[in-house]
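Read the structure below first, then the notes.
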Amino acid sequence: MSTIKLTLPRGAHILCAVSGGADSVCLLHLLHHTPGITLSAAHYNHCLRGAESDGDEDFVRQLCKDRGIPFYCGSGDVAAYAKAAGLSIETAAREKRYAFLFDTAEKIGADYIATAHNANDNAETLLLRLARGTTLRGLCGIPERRDRLIRPLLGVTRQEIEAYLSENALPHREDSSNALDDAARNRIRHHALPALQSVNPGYARAVSRCIEDLTQDEDYLETEADAAYGRSFDGEALSVSGLLSLHPALQARVLRRFTGGNLLRQHREDILHLCKSGNGEIRLPALRVCRSYDRLTLIRGEAPLPEDLCIAAEGEYFWGEYRVSVFFSQKGREIQDSFNTFSFSSGRICGTLFLTRRREGDTIRFAHRAGTRKLHRLFIDARLPARERDFVPVLRDEAGVLAVFGFGRGDRAVPEGDEPTINITIEKYSGGTDR
């Protein structure tokens, strides 16, 4: 006889999410026979499988009616939402479903939302995250509880769920899309899990034990990171020396606290490189990280796009995070052109000289190089991240591009002999690393 025991907060009002599949029907039945709780049920129709989706809704509605369980239903065009939001169908369905569940729980005053994730789901999640690359936090799998969400079946295997349904003669629905290999989770379920279960028939339960140990390790490291962050952060800046003195496992966690969110591995490495290399700053999505001696500070929000700068006289200018030094020479002067130092013939400049960002259709023909290049393609070939391309200084006059910072000078307005020149040097005044 299959026995599944649930540990639930006594006296709570629980909203059970029911798809009509084996797992959720098992959970609903168990909750219905659990004393000391108030039970309601909710179903979300994703409208993805036509009559089959409507059949699932009708099945759950009747299931609840037969048992006298209050039933709430929602629906939405998930495919249209996914297209409009640029999401995968799986992600869009999850967003719409959880939004409905939380909204329903709020309206009816439910204390918790119970979902039917089980031990096999947890094993699949671990493999999926491992395949995509994850941290220790990701390897901790699906949490048993998060805010209002609870998962009472997380320690129960799918085999035990199927045995429970059979012994209690409980009908359920099969989602035909689960048989397809189009979704990554389905491929893991159909191919990876059976292979691992052939090595260890108790694989799902073994993973559950592994996740418990990993969760304990994660909890300990998070506690240590809290203490380390408290020692290194003064409310405004993070101590560079304090950060660098930590074990790498704590450095990553302290940086996550400092920036207020998860960081890609590359972003963490960029920040640590800045800490080891000297004063300067780096730009991350919607964030700039600045180092000044032992202080690491943040500037929130994307840096504003610099406005066009008119260069009409000698002197020092500032454009975005760049310092621009300009001087004129009446007799000509030996200037070594480079990727950030340029000289132009004063008499060959067409109209006004500007420093700007790239513009649609911009091209340049580099001196001593064949062919005309589009700036758009130039930046792509240089593997310059898209978010950085609008911050590259471009020198131009009214006839077009004269030079591009970091790439070189064009073949137009090149000085000859002793003719007067305009000499320009562009450099990052923040001390950040040039490309």
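The values are calculated or read from the model by the stated rules, or taken from the named source; none is laboratory data. Please read all numbers here as calculations on a predicted model, not as lab measurements. Here the Cβ positions follow ideal geometry from the backbone for every residue, glycine too, while neighbour counts run over all protein chains shown.
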For the condition over 17 Å from I14 (Cβ atoms), at pLDDT below 95, touching a Gly at 6+ places or on another chain (Cβ under 7 Å) and hydroxyl-bearing (S, T, Y), what is the one hit in T91, T134, T125? T125
Pairs needed: first member in region 280-292, without any contact (Cβ under 8 Å) to a residue 24 or more places away in the chain; second member anywhere, assigned to a strand (DSSP E or B) and buried (at least 18 other Cβ atoms within 10 Å of the Cβ); C-beta distance under 8 Å; at least 6 residues apart or different chains. R288/E281
Per the filter on region 215-254, residues closer than 17 Å to T134 by Cβ, of a type in the set (A, V, I, L, M, F, W, C) and assigned by TED's automatic domain parsing to the domain that holds L287 are A249, A252
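One residue is enough: does region 143-166 have a residue meeting the conditions among the aromatic types (F, W, Y), buried (at least 18 other Cβ atoms within 10 Å of the Cβ), in contact (Cβ under 8 Å) with a residue 24 or more places away in the chain and more than 26 Å from H32 (Cα to Cα)? Explain how you work it out, then say what you get.
Step one: filter region 143-166 for residues among the aromatic types (F, W, Y), giving 164.
Among the residues that remain, those that are also buried (at least 18 other Cβ atoms within 10 Å of the Cβ) are: 164.
Cutting the leftovers down to in contact (Cβ under 8 Å) with a residue 24 or more places away in the chain gives us 164.
Filter once more, so that each one left must be more than 26 Å from H32 (Cα to Cα): none.
The answer is no, given that none of the residues of region 143-166 is among the aromatic types (F, W, Y), buried (at least 18 other Cβ atoms within 10 Å of the Cβ), in contact (Cβ under 8 Å) with a residue 24 or more places away in the chain and more than 26 Å from H32 (Cα to Cα).
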Considering each of S53, S24 in turn, give the residue that is at pLDDT below 95, under 24 Å from R158 (Cα atoms), among the hydroxyl-bearing types (S, T, Y) and in a helix (DSSP H, G or I). S53
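Of the residues that sit in region 27-48 and are in a strand (DSSP E or B) and either touching a residue at least 40 places away in the same chain (Cβ under 8 Å) or among the polar types (S, T, N, Q) (or both), which one is surrounded by the fewest Cβ atoms within 10 Å (Cβ to Cβ)? Steps first, please.
Going through region 27-48, the residues in a strand (DSSP E or B) turn out to be 38-45.
Now narrow it down to the ones that are either touching a residue at least 40 places away in the same chain (Cβ under 8 Å) or among the polar types (S, T, N, Q) (or both): 38, 40, 42, 44-45.
On the way: T38: 14, S40: 20, A42: 25, Y44: 26, N45: 20.
By that ranking, first place goes to T38.
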Output for region 269-282, where each listed residue is surrounded by fewer than 18 Cβ atoms within 10 Å (Cβ to Cβ) and under 21 Å from the mean Cα position of the chain (by Cα): E269, D270, L272, I282
Looking only at region 258-282, count how many residues are at pLDDT 90 or above and not acidic (D, E). 9
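Across region 221-240, what is the number of residues that are of a type in the set (S, T, Y) and closer than 19 Å to H267 by Cα? Outline the logic, then answer.
Here is the first cut: in region 221-240, the ones of a type in the set (S, T, Y) are 223, 229, 232, 239.
Filter once more, keeping what is closer than 19 Å to H267 by Cα: 229, 239.
Of the residues in that region, 2 qualify.
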Yes/no for Y220 being in contact with a helix residue (DSSP H, G or I) (Cβ under 8 Å, 6 or more places away or on another chain), farther than 20 Å from H117 by Cα and among the hydroxyl-bearing types (S, T, Y): no
Restricting attention to region 323-371, and to residues there that are aliphatic (A, V, I, L, M) and modelled with pLDDT of 85 or more, which single residue is nearest to D411 (Cα to Cα)? I364
Inside region 385-400, can you point out the residues that are surrounded by 13 or more Cβ atoms within 10 Å (Cβ to Cβ), aliphatic (A, V, I, L, M) and modelled with pLDDT under 95? V392
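Would you be able to say whether some residue in region 49-59 is in contact (Cβ under 8 Å) with a residue 60 or more places away in the chain, assigned by TED's automatic domain parsing to the domain that holds R145 and under 31 Å from the mean Cα position of the chain (by Cα)? Walk me through how you get there before you give the answer.
Here is the first cut: in region 49-59, the residues in contact (Cβ under 8 Å) with a residue 60 or more places away in the chain are 49, 52, 55-56, 59.
Right, trim to assigned by TED's automatic domain parsing to the domain that holds R145 and you get 49, 52, 55-56, 59.
This time we only want the ones that are under 31 Å from the mean Cα position of the chain (by Cα), so: 49.
Yes, the conditions are met somewhere in region 49-59.
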Out of everything in region 283-322 that is modelled with pLDDT under 85, surrounded by fewer than 17 Cβ atoms within 10 Å (Cβ to Cβ) and touching a Phe, Trp or Tyr at 6+ places or on another chain (Cβ under 9 Å), what residue ends up being farthest from F342 (Cα to Cα)? A303
List every residue pair whose Cβ atoms sit under 8 Å apart, with the two residues 6 or more apart in sequence or on different chains, where the first one lies in region 346-357 and is in contact (Cβ under 8 Å) with a residue 12 or more places away in the chain and the second, anywhere, is surrounded by 13 or more Cβ atoms within 10 Å (Cβ to Cβ) and among the polar types (S, T, N, Q). S346/T421
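How many residues does region 378-403 contain that are closer than 15 Å to D362 by Cα, part of a helix (DSSP H, G or I) and not basic (K, R)?
Start the filter on region 378-403 by keeping residues that are closer than 15 Å to D362 by Cα, which leaves 378-380, 389-403.
Narrowing further to those that are part of a helix (DSSP H, G or I): 378-380, 389-391.
Now restrict to residues that are not basic (K, R): 378-380, 390-391.
Final tally of qualifying residues: 5.
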Is it fair to say L165 is in contact with a His (Cβ under 9 Å, 6 or more places away or on another chain) and more than 21 Å from Y44 (Cβ to Cβ)? yes
Considering region 225-244 alone, what residues qualify as being part of a helix (DSSP H, G or I) and surrounded by fewer than 16 Cβ atoms within 10 Å (Cβ to Cβ)? D226, A227, G230, R231, S241, L244
